[in-house]
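**Student:** Right, I'll just put the structure down here and ask away after.
The values are calculated or read from the model by the stated rules, or taken from the named source; none is laboratory data. Please read these numbers as outputs of a predicted model, since none were measured by experiment. Because the Cβ atoms are built from the backbone with ideal geometry, glycine has one as well, and the counts that use them run over all protein chains shown. Surface accessibility is based on the protein's heavy atoms, side chains included, excluding ligands, DNA and RNA. Shrake-Rupley method; radii C 1.70, N 1.55, O 1.52, S 1.80 Å.
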Amino acid sequence: MILKIYSQIVPEEGRQMLQFFGLDGVSFATIDEFIANIPEEDNVIDMRINSPGGVVSEGWAIIDKLQATGKKIIATIEGHAASMASLILLAASERKGYKHATLLIHDAFYRDMYLEKGTAEELEKRAALLREDNERALDFMVERTGTDRETLETLMKEDLPVNMQKAKELGFVHEILEPVSASAARNPNRSDMDNKKTIASAFKAFLEHVIELNDFR
């Protein structure tokens, strides 16, 4: 079955709030429901990603749920896989990206619009949690991509998108997909080639016949 992750990753209550404003989100609950509806005989999850990422805890819950299915997961970046979406990508054993897609990884950050004040101790606790999030992400990326920790850590601090060629070099994707139309244009199928040969042969025979008639005259 096809699993589309085309929006930000949020808790279920956040997803419902987004829907109230005509927007959408992906939550653990939506993934759980998707998995529950996969036919027993279907052993492949075809995951398509175009997401800016989102809440770290929700993303890890989604990763664990996907991997716990025991099914083969094939992931394709269709536009952008950023932040937590780049880690969800790595839940798949087979990973692809379209030619013009991008990938972005960065350090975890804390956002709280309701935080007006915070003691030094409270802020230090938050900073420690963010460092733990970074270490957990790095552990997972090193394991799944095979790229060394220092390279990934540097890329996280740069916080800049990379193209699919770079993503492939880093091990995030295994294959870069060409647009279907371009691929088809370069690799016409056999029936199309046979049809063209048949038309060319018929046109050649017609020309020869016209020449013969002209010579007779």
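**Student:** With a sphere of radius 14 Å drawn around the Cβ of LEU90, what net charge do the other residues whose Cβ falls strictly inside it have (Lys, Arg +1; Asp, Glu -1)?
**Tutor:** Numbers: positive: ARG95, LYS96, ARG136, ARG144, LYS168; negative: ASP64, GLU94, ASP139, GLU143.
Surrounding charge for LEU90 is +1.
**Student:** Which percent of the accessible heavy-atom area of the range 1-133 goes to carbon and sulfur, probe 1.4 angstrom?
**Tutor:** Answer for the range 1-133 is 53 percent, counting heavy atoms of protein chains only.
**Student:** Which of the pairs LYS4/LYS166; LYS65/LYS168; LYS96/LYS157; LYS65/LYS99; LYS4/LYS168; LYS71/LYS125 have their Cα atoms more than 27 Å apart in this structure?
**Tutor:** Violating the 27 Å Cα-Cα cut-off are LYS65/LYS99; LYS71/LYS125.
**Student:** Gain in length, GLU132 to GLN16, computed as 0.36 nm per residue apart minus the alpha-carbon separation, to one decimal in nm?
**Tutor:** Values: separation 116, 0.36 × 116 = 41.76 nm, distance 2.89 nm.
Full extension from GLU132 to GLN16 adds 38.9 nm.
**Student:** Which of the peptides 166-177, 32-43 is most tightly packed, and how do the rest follow, going by the mean number of other Cβ atoms within 10 Å of each residue?
**Tutor:** 166-177, 32-43
**Student:** Let me ask something else. Which order do the peptides 68-76, 80-88 take when ranked by the mean count of other beta-carbon atoms within 10 Å per residue, highest first?
**Tutor:** 80-88, 68-76
**Student:** Let me ask you something else. Nearest 0.05, what FRET efficiency do ILE2 and LEU160 give at R0 = 30 Å with Cβ-Cβ as r?
**Tutor:** Once rounded, the FRET efficiency stands at 0.50.
**Student:** Here is a follow-up. Find the percent of Cα-Cα distances in the range 1-61 that exceed 14 Å, and round it to a whole number.
**Tutor:** Cα-Cα pairs in the range 1-61 separated by more than 14 Å: 58 percent.
**Student:** Work out the FRET efficiency for GLN67 and LEU23 from their Cβ-Cβ distance, taking R0 = 41 Å, and round it to the nearest 0.05. Spell out each step's value before the answer.
**Tutor:** On the way: r = 28 Å, r/R0 = 0.68.
Computed FRET efficiency for GLN67 and LEU23: 0.90.
**Student:** Leaving out ligands and nucleic acids, and using a 1.4 Å probe, what accessible area per residue does the range 1-158 come to in Å²?
**Tutor:** 56 Å²
**Student:** Rg and Dmax of the range 1-149, using alpha carbons, in Å: what are they?
**Tutor:** Reported Rg and Dmax, both Å: 16.3, 55.
**Student:** Could you tell me how far the Cα centroid of the range 84-113 sits from the Cα centroid of the range 12-68, in Å?
**Tutor:** 14 Å
**Student:** For the peptides 120-128, 132-140, what is the packing order when you average, over each peptide's residues, the other Cβ atoms within 10 Å and list the highest mean first?
**Tutor:** Averaged packing, sorted descending, gives the order 132-140, 120-128.
**Student:** Using a 7 Å offset from the Cα along the Cα-to-Cβ direction at both ASN37 and SER57, what is the distance between the two label points in nm, to one decimal?
**Tutor:** For ASN37 paired with SER57, the spin-label model returns 2.7 nm.
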